[in-house]
Every structure is written in structure tokens, then in C-alpha cells.
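K.L.:
Below you'll find the structure I mean.
The values are calculated or read from the model by the stated rules, or taken from the named source; none is laboratory data. None of these values were measured; they are calculated from a predicted model. Because the Cβ atoms are built from the backbone with ideal geometry, glycine has one as well, and the counts that use them run over all protein chains shown.
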Amino acid sequence: MNGQDLHSSRGYSAHPLLAVSGLTRRYGGLVAVSNLDFEIRAGEILGLIGPNGAGKTTTFNLLSGHVKPSGGTLMFDGASIVGLAPHEISRRGLVRTFQHESFFRDMTVLENLVIAGNRRWRTQQQRADGAHAIAARVGLEKHLDMIAGSLPHGLQRLLSVGIAISTKPKLLGLDEPLTGLHTVEVANVLNLFRTLCREDGTTILIVDHNMKAMMGICDRFIVLQYGKMLAQGSAEEVRNNPEVIGAYLGTAQ
Amino acid sequence: MYSIDRRIIALNAALFVAAVGWLSLSEPTYLTQLVVWSAINAVLAAGMRFVLLIGETNMACGAIYGFAAYLTAIAVTNGIDVVPVVVIASGTGAGVLGLLFGWVTLRVKGPYFMLIGFAFTEVIRLAYTRLDLVGGNSGMVGIYAPMSLEPWMPAFSVAVCYLLLIGFFAAEKSSFGLLMHAIRNNDKVVETLGVSALRVKLLCFVIAALVVGAAGSIHAYSYHVISPGDFSFLIPVYALAYAKVGGERHIVGPVIGAIFLTVISQLVQGSGALQYVLFGGVIILSMLGVRGGLIDIAKWAACCCRIGGRLGVLKDPASGELG
């Protein structure tokens, strides 16, 4: 089954929510991301994978506006987002989490979620209600009064996702959301991602090193190596691609 | 979450009436002047703390404070004698200066922002020494309120300072205050929520500049004489000391710190060069003895009296714990 068959069988749109073309980022002589072309279709879960140093986080930073591209175009929901500030890109519906802390450490869970819904909800009451609803959604309703920095790592990851979905994003970018989670927590988080995608219609882009989990949840993959596209396709196609196997395991001399 | 306890409002109203009432009925004395200086320093310290809420140290507050004082001096020596108008106009001028400075400099953070602020304060101070319009090194004299209002100036000054402090408290308790705390925690995440961290920081900085500017104007009325040396880098250094010694977790901390250190500075003033050693020694001892600031002593007293739970005024806005 190729990527096209797969996405039509899952029922997500062929319409690209994000179209990346010729995306390049240079740091002096180093080309961190080179001439990258790919699309994210509305309603899919796309996995961005590759060995350490492949350029995954740089690509993420380019998409969210935290790093300006040296070249190429980024079309999100039909409009260019090149050169926009991170908060402007976020307002258009492309919201991301960070690899490390993606929450407000010294504040309570409730305060974190109230701030996250600051733009979406206008009144204090709406913000409080919205925060409670999001907390229930991500399973933090019993921890509302806890300081975020004192939460266990798995709950902090859930809080990061809760903060991001409070903005009701069209495209949710998750940078290594499964790092440091144990098996049960991974299963819970993956269920949450599936629900977000299938029920809310949120398109998701995930970067993570947990291949087993990624293979189980992503509709499609893009594999990077040395900042370049190595392969793309379904889990099956990527898993059996000799170049991908070589990138992860090395090749026989 | 953001509502202010009615008991805090009642407590503040009572304190306000008591302070302003006493000053209105008293003849101007050294003690009333000390109260005014303490109130001005409390606003300065609270202004420093307000910017600390976004994680930045505002060493430019010396320039902003001095700029408003000079605006007041220029206005008064040119015959404008409507005190509230002068205070508001000077504060607004300081706010505009803060807007221009913040727009350019708030793109950098931490030590870079602090050093730029330090340099700005010194450059502005040096500019006064070169400008004949503002009296050069000699400064400006004759900054008096109209004769009929002079007896009321201590009460007016403390009333304005109190209201400015209440303004800081209200801003911090608002959803904007929560955003400032969030920026101090993690400004990158704030950006991902569709909020421009730069604009929030700028607004915070301008609010602080407006308020510190109004305090600078009252400084000019209070001392009647100003000179460039009054607005050196020592202004933000002292403001930081007031905030740290008093405790920066709650706005009451800088107020306590300002009152404490203003009184101490007056007590050691006759000691010549030794006064700086004594003053510094008191700051070091306070910091070592009460890490969270003098407000921790109030917390301890409140706990001892078993009224901690009811003394909402000392609650830390971030954790909800007593300050």
C-alpha cells in the first residue's frame, strides 16, 4: 500500500495543509536543512524521523518561525508563512511544543492552561471552564493546583500537549513528545494524539525517536539524513527502504 | 483566580486614609519628609520589581526617573503650577522614553538588557551635565508647588505613591500579570500561544516607566533641587536593593525594603564615607539572614499569630503560598 492509498483509506484530505518547497537553512558553511520538499495533508499524522543530527528539530524550528529559512517557501493553509514571527504563525493555527520544557514551570497546572487559552477565550469564566475541559481531556484534572515544575515527567508532557491544544491548532507540531515516558504513559499519550486527529480533525506532525510508537501511530513518514530528504511513505515503505535501514544501522563495507 | 480579596481592599483603604489623613493634619517635619522619601523609594522599588516579573532587571529606571524629574523641573520653573497635571505629564514623558528605549532594547535579554539599561542611565545623566537648558552640572533649583499647596504636598505625594502601588498590584493580579509571569517562565512557549512576548514585555516596561516617572516628578517636588548626580546608576542599584532586601515575591516586599533601607540610610548618613559600608553591611546581613526578604519576617509573624491563612495580602501570586 503506498502513501496515496493509505491516506484515502484513512479518510484524510488530499489537500495539503502545509506545503514545503525547497526549504533550506544554512549556518555559514553548514547546511542544516537542504532543499526540502514535502506536504502535510489535512487530517493526517505525519512522522518526521531520522538519526541524531538529521535536521529534524531545525526543520521544526523553520516551520514554527523560530528560525528563518535561508531559502524556499512555506505555504500554510494557502498562505505563505515565510518571515512571520512565531506568534503570528501560531495565530494562523500552526502550534508546536518543544523538546524540553514546553510549559510554565513555576505556575500551577490551572494557570498554565488558563494562559494557554488566553486568546481563544475572552472572559475569565470561559478561560477557567476551558482550562478545566482541557485538563480533563489530557488527564490532568486531579492535578490542577499542582505547580507544573513539581509534576512527574509524564504529566509534564501531557501538560505541554494540553497547552498546545488549548489554542485549537490546525497543525500541531510535537517535538519528541514521548521522550522519557514509560510504556503505559506512551500508550496514553498515543491515544490522546489519535483522538485529537480522528475526532477533532487536528493534523499532527511528530518528531520522536521511539520507532515502535511512531510506526504505530503515524500515517506517513518523512525520513531525514544530513538535512536532506532520504525517503517518504508509509510505515511499511520506510521500514523496508534500504537507504533508511542504512542510515539507522549503517551499511556493510 | 484574579479576584482581589475584599479584606485586602479594606486594609489598603484604611492604611491609605490613615497615612494621608495623618500627613494632612501634620505640620511638615523631618518625619513627614522621611515618609514621603520612603513612599517614593517604594514606588521605585515596585517599578523595578514589576519589570523583574518578566525576568528582566531594569537598570534604565534611573534615566526614566531622572527624565521625569527634569521634565517637572522644566515645567515648574516655566510657571506651570498645576501639580497633578505636571506629575501626569512628566510620567507620560517618562512613559514615552520607556517606550522608545524598550522598543529597541527588549529584543535582548538578561545581562545584555541590564547592561544597556545601565549605560542608558549613565548616558542620560552625562547629557544633563552638558545641557545648559537644564542647568548643566549645577542642576535646577526652585521646584516648588504653589505656596498654598505646599503644606499639602506630603499628603499628596504619599497618596499618589500609594495609588501607583495599588496600580502595580492590580496590573499584576490581572490576566496581563499572569502573562508576565508566564514570560518570565518561558517566553518561547508564550509565543507559541499566539502572544507576542515582545509586546507584553514592552507594555510591562512602559507601565513601569509611567509609574516610576510619576515618582520622579514627586521626587523633584519633594527635594526642590535636582542635579545630574541625583540620577546616576545608584538609583536602579538602590531600587534593586529595596526589592531584594524586602523580598520580591510580593509587592509588599519592595515597600518594606524601601521603608527599611530609607530609614537605615538616614540613620547612617552622618557617618561620612563609613555610611556606605554600614549601608552595604545592613543589605548583606538582611540578604543572608532572611533569604526571601524581610517579608518573610511578616510571614513568620503571621504564622505565629495563626492568621497566615487569612492574611491573603502576603500570598505569593505564583504558588499561592505565603510570601
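K.L.:
For segment A:118-130, indicate whether the set of residues that are more than 14 Å from chain B (Cβ to nearest Cβ), part of a helix (DSSP H, G or I) and either in contact with a Leu (Cβ under 8 Å, 6 or more places away or on another chain) or modelled with pLDDT of 95 or more (or both) is non-empty.
P.N.:
Keep residues of segment A:118-130 that are more than 14 Å from chain B (Cβ to nearest Cβ), which gives none.
No, there is no match, as no residue in segment A:118-130 is more than 14 Å from chain B (Cβ to nearest Cβ), part of a helix (DSSP H, G or I) and either in contact with a Leu (Cβ under 8 Å, 6 or more places away or on another chain) or modelled with pLDDT of 95 or more (or both).
K.L.:
What's the number of the condition B:W22 fails, among (1) surrounded by 14 or more Cβ atoms within 10 Å (Cβ to Cβ); (2) in contact (Cβ under 8 Å) with a residue 12 or more places away in the chain; (3) part of a helix (DSSP H, G or I); (4) more than 21 Å from the chain's Cα centre (by Cα)?
P.N.:
(2)
K.L.:
List, please: which pairs have Cβ atoms under 7 Å, are six or more places apart or on different chains, and start with a residue in segment A:19-31 that is surrounded by fewer than 18 Cβ atoms within 10 Å (Cβ to Cβ) and end with one that is not in a strand (DSSP E or B) and not basic (K, R)?
P.N.:
A:T24/A:P69; A:T24/A:S70; A:R26/A:S70; A:V31/A:G227
K.L.:
Still on this structure: Only one of these is crowded, with 16+ Cβ neighbours inside 10 Å and either outside the structural domain of A:G117 (by TED's automatic domain parsing) or polar (S, T, N, Q) (or both): A:V184, A:V238. Name it.
P.N.:
Working: A:V184 fails: crowded, with 16+ Cβ neighbours inside 10 Å.
Only one candidate passes the filter, namely A:V238.
K.L.:
When you scan segment B:191-210, do you find a residue that is of a type in the set (S, T, N, Q), within 14 Å of another protein chain (Cβ to nearest Cβ) and in a helix (DSSP H, G or I), even just one? I'd like the intermediate steps shown before the answer.
P.N.:
Taking segment B:191-210 and keeping what is of a type in the set (S, T, N, Q), we get B:192, B:196.
Filter once more, so that each one left must be within 14 Å of another protein chain (Cβ to nearest Cβ): B:192, B:196.
Right, trim to in a helix (DSSP H, G or I) and you get B:192.
Checked against the condition, which is being of a type in the set (S, T, N, Q), within 14 Å of another protein chain (Cβ to nearest Cβ) and in a helix (DSSP H, G or I), segment B:191-210 yields at least one hit.
K.L.:
Another question, then. So which of B:G177, B:G280, B:G216, B:G270 is within 14 Å of another protein chain (Cβ to nearest Cβ), part of a helix (DSSP H, G or I) and of a type in the set (G, A, S)?
P.N.:
On the way: B:G280 fails: within 14 Å of another protein chain (Cβ to nearest Cβ); B:G216 fails: within 14 Å of another protein chain (Cβ to nearest Cβ); B:G270 fails: within 14 Å of another protein chain (Cβ to nearest Cβ).
Testing whether each residue is within 14 Å of another protein chain (Cβ to nearest Cβ), part of a helix (DSSP H, G or I) and of a type in the set (G, A, S) leaves just B:G177.
K.L.:
Which one of these does B:S148 not meet: (1) surrounded by fewer than 20 Cβ atoms within 10 Å (Cβ to Cβ); (2) in a helix (DSSP H, G or I)?
P.N.:
Of the numbered conditions (1) surrounded by fewer than 20 Cβ atoms within 10 Å (Cβ to Cβ); (2) in a helix (DSSP H, G or I), the odd one out for B:S148 is (2).
K.L.:
Wholly within segment A:35-105, which strands (runs of 3 or more DSSP E) include no fewer than the required count, namely at least 2 residues that are among the hydrophobic types (A, V, I, L, M, F, W, C), within 14 Å of another protein chain (Cβ to nearest Cβ) and buried (at least 18 other Cβ atoms within 10 Å of the Cβ)? It would help to see each step written out before you state the result.
P.N.:
Numbers: elements: A:45-49, A:71-76, A:94-96.
By residue number, A:94-96.
K.L.:
Further question on the same structure: Is it the case that B:K188 is closer than 30 Å to A:P169 by Cβ and either more than 9 Å from chain A (Cβ to nearest Cβ) or not in a helix (DSSP H, G or I) (or both)?
P.N.:
Numbers: closer than 30 Å to A:P169 by Cβ: yes; either more than 9 Å from chain A (Cβ to nearest Cβ) or not in a helix (DSSP H, G or I) (or both): no.
The answer is no for B:K188.
K.L.:
With respect to the numbered conditions (1) farther than 30 Å from A:E243 by Cα; (2) in a loop (DSSP other than H, G, I, E, B), which one is the sole condition not fulfilled by A:N112?
P.N.:
(2)
Residue by residue, here is whether (1) buried (at least 21 other Cβ atoms within 10 Å of the Cβ); (2) assigned to a loop (DSSP other than H, G, I, E, B) holds:
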{"site": "A:P169", "(1), (2)": "yes, yes"}
{"site": "A:P177", "(1), (2)": "yes, yes"}
{"site": "A:L192", "(1), (2)": "no, no"}
{"site": "A:I206", "(1), (2)": "yes, no"}
{"site": "A:Y248", "(1), (2)": "no, no"}
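K.L.:
As an exercise: evaluate B:A94 against (1) in contact with a Gly (Cβ under 6 Å, 6 or more places away or on another chain); (2) outside any helix (DSSP H, G or I) and give the number of the one condition it does not meet.
P.N.:
(2)
K.L.:
Which residue pairs have Cβ atoms closer than 8 Å, lie 6 or more positions apart in sequence or on different chains, and pair a first residue in segment A:230-243 that is over 21 Å from A:L36 (Cβ atoms) with a second residue that is modelled with pLDDT of 85 or more and surrounded by fewer than 19 Cβ atoms within 10 Å (Cβ to Cβ)?
P.N.:
A:R239/A:M215
K.L.:
In segment A:141-157, what residues are facing another protein chain (nearest Cβ under 10 Å) and either in contact (Cβ under 8 Å) with a residue 60 or more places away in the chain or aliphatic (A, V, I, L, M) (or both)?
P.N.:
Result: A:I147, A:A148.
K.L.:
Taking segment B:217-254 as the search range and keeping residues that are polar (S, T, N, Q) and within 11 Å of B:Y65 (Cα to Cα), which one is modelled with the lowest pLDDT?
P.N.:
B:S232
K.L.:
Can I ask one more? Go through segment A:208-231 and give me each residue that's part of a loop (DSSP other than H, G, I, E, B) and closer than 19 Å to A:Q99 by Cα. Working first, answer last.
P.N.:
Within segment A:208-231, the first condition is being part of a loop (DSSP other than H, G, I, E, B), and the residues that meet it are A:208-210, A:218-219, A:226-227.
Matches in segment A:208-231: A:D208, A:H209, A:N210, A:C218, A:G227.
K.L.:
Further, regarding this structure: Out of curiosity, is B:A182 away from chain A (no Cβ under 12 Å) and of a type in the set (A, V, I, L, M, F, W, C)?
P.N.:
Details: away from chain A (no Cβ under 12 Å): no; of a type in the set (A, V, I, L, M, F, W, C): yes.
No: the conditions fail for B:A182.
K.L.:
Note down all Cβ pairs under 9 Å where the first residue falls in segment A:111-125 and is in the same structural domain as A:Q156 (by TED's automatic domain parsing) and more than 17 Å from B:E172 (Cα to Cα), the second is of a type in the set (V, I, T) and part of a loop (DSSP other than H, G, I, E, B), and they're at least six residues apart or on different chains.
P.N.:
A:A116/A:T167; A:G117/A:T167; A:R119/A:T167; A:R119/B:V195; A:R120/A:T167
K.L.:
In the list B:G253, B:G270, B:G257, B:G247, which residue meets the criterion of being within 15 Å of the chain's Cα centre (by Cα) and either at positive phi or free of Cβ contacts under 8 Å to residues at least 24 places away in the same chain (or both)? Outline the logic, then answer.
P.N.:
On the way: B:G253 fails: either at positive phi or free of Cβ contacts under 8 Å to residues at least 24 places away in the same chain (or both); B:G270 fails: within 15 Å of the chain's Cα centre (by Cα); B:G257 fails: either at positive phi or free of Cβ contacts under 8 Å to residues at least 24 places away in the same chain (or both).
The match here is B:G247.
K.L.:
Just to be sure before I move on: is B:N58 part of a loop (DSSP other than H, G, I, E, B) and modelled with pLDDT of 90 or more in the structure I sent? Lay out the reasoning, then the answer.
P.N.:
Working: part of a loop (DSSP other than H, G, I, E, B): yes; modelled with pLDDT of 90 or more: yes.
Spelling it out, B:N58 is indeed part of a loop (DSSP other than H, G, I, E, B) and modelled with pLDDT of 90 or more.
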